[in-house]
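The block underneath contains the structure these notes are about, expressed in structure tokens.
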Amino acid sequence: MSDAQRVAIQRDQAEGAVRIVFAHGAGAGLQSDFMQFIAMGLALQDIEVVRFNFPYWQQFMELGVRRPPNPMAQLEHCMKAVIREFADDKPLFVMGKSMGARVAFRIADEAGARAAIGLGFPFHPQGKPDRLRVDDLNNRCQQNLVIQGTRDSLGRPAEVADYQLPANLQLEWLENGDHSLLPTKRSGLQRTGLWQSAIDRISTFVTEINR
């Protein structure tokens, strides 16, 4: 049994023209509302999406005991193992939410991905703006994409404007979104509206890269 078969994997729109392997964040697995909404929205746009649980979350689902995320090397190993389960000629994109975005960007080159996509990239840990994670964004893809909420406490516009970001990174801001791309009640926006905006931007980006 492969490493990937030890964790749950969900595949949406297997006949899609391209494949996105989508990694979850630290606090929720593949079945979270966010992961499901994004995956199903992309599937409706002819994009295959493969979601999976990292090992620590799989243990939580099976045993009911919360565990901290695995070390980064183990997270990377898991995502690469999932990608190998679907080894074929379909164009590959790697994507992640928060922690999963760091993993996706870090393995993009080794995985042979056309691009990496981050949703709510954690530019720094909570309350530690001096501990930057910008180096995680470096890879050799032609273009990469990060979609960030303007209220994201792990990387607000004023902060990110001062960072030296890679030249191959496109940064898209979603107005009123927090780290989970959730709007404030005062804004009058619905979470599904912001999430759909992210889906549309991802779909456009993937189409452009895959031409």
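The values are calculated or read from the model by the stated rules, or taken from the named source; none is laboratory data. As the structure is a computational prediction, the values presented were derived from the model and not from experiment. Methodologically, a virtual Cβ is constructed for each residue, glycine included, from the backbone with ideal geometry; neighbour enumeration extends over all protein chains shown. The area values use the complete protein model at the heavy-atom level, side chains included, leaving out ligands, DNA and RNA. Shrake-Rupley method; radii C 1.70, N 1.55, O 1.52, S 1.80 Å.
None of PRO125, PRO129 is without any contact (Cβ under 8 Å) to a residue 60 or more places away in the chain, open to solvent by 50 Å² or more (accessible area, probe 1.4 Å) and at negative phi except PRO129.
Within the group PHE37, PHE86, which residue is in contact (Cβ under 8 Å) with a residue 60 or more places away in the chain, under 21 Å from ASP200 (Cβ atoms) and not small (Gly, Ala, Ser)?
Working: PHE86 fails: under 21 Å from ASP200 (Cβ atoms).
On inspection, the qualifying residue turns out to be PHE37.
Among the conditions (1) within 13 Å of the chain's Cα centre (by Cα); (2) open to solvent by less than 10 Å² (accessible area, probe 1.4 Å); (3) in contact (Cβ under 8 Å) with a residue 60 or more places away in the chain, VAL50 misses just one, which is (3).
Kindly evaluate GLU159 against the criterion of being more than 22 Å from ILE20 (Cα to Cα) and not in a loop (DSSP other than H, G, I, E, B).
yes
In region 62-82, the residues that are assigned to a helix (DSSP H, G or I) form Cβ pairs under 7 Å with partners that are open to solvent by 60 Å² or more (accessible area, probe 1.4 Å), at six or more places apart or across chains, as follows: GLU76/ARG106; HIS77/ASP3; CYS78/ASP3; LYS80/GLU110; ALA81/ASP3; VAL82/ILE9. Residues being outside any helix (DSSP H, G or I), within 19 Å of LEU182 (Cα to Cα) and not charged (D, E, K, R): count how many of those fall in region 87-123. Number satisfying all stated conditions: 10.
Figure legend. Inter-residue proximity from region 1-26: first residues closer than 20 Å to ILE209 by Cβ and of a type in the set (Gly, Ala, Ser), second residues at pLDDT 90 or above and open to solvent by 40 Å² or more (accessible area, probe 1.4 Å), beta-carbon distance below 6 Å, spacing 6+ or different chains. Indicated pairs: GLY16/ASP46; ALA17/ASP46. Residues in region 65-99 that are over 23 Å from VAL134 (Cβ atoms) and open to solvent by less than 50 Å² (accessible area, probe 1.4 Å): CYS78, ALA81, VAL82, ILE83, PHE86, LYS90, PRO91, LEU92. Would you confirm, using the coordinates I've provided, whether ARG102 is open to solvent by 40 Å² or more (accessible area, probe 1.4 Å), within 22 Å of LEU137 (Cα to Cα) and within 12 Å of the chain's Cα centre (by Cα)? Yes, satisfied. For residues in region 9-39 being assigned to a loop (DSSP other than H, G, I, E, B), of a type in the set (A, V, I, L, M) and modelled with pLDDT of 95 or more, which is nearest to MET61 (Cα to Cα)? So, considering only residues that are assigned to a loop (DSSP other than H, G, I, E, B), of a type in the set (A, V, I, L, M) and modelled with pLDDT of 95 or more, the one nearest to MET61 (Cα to Cα) is LEU30.
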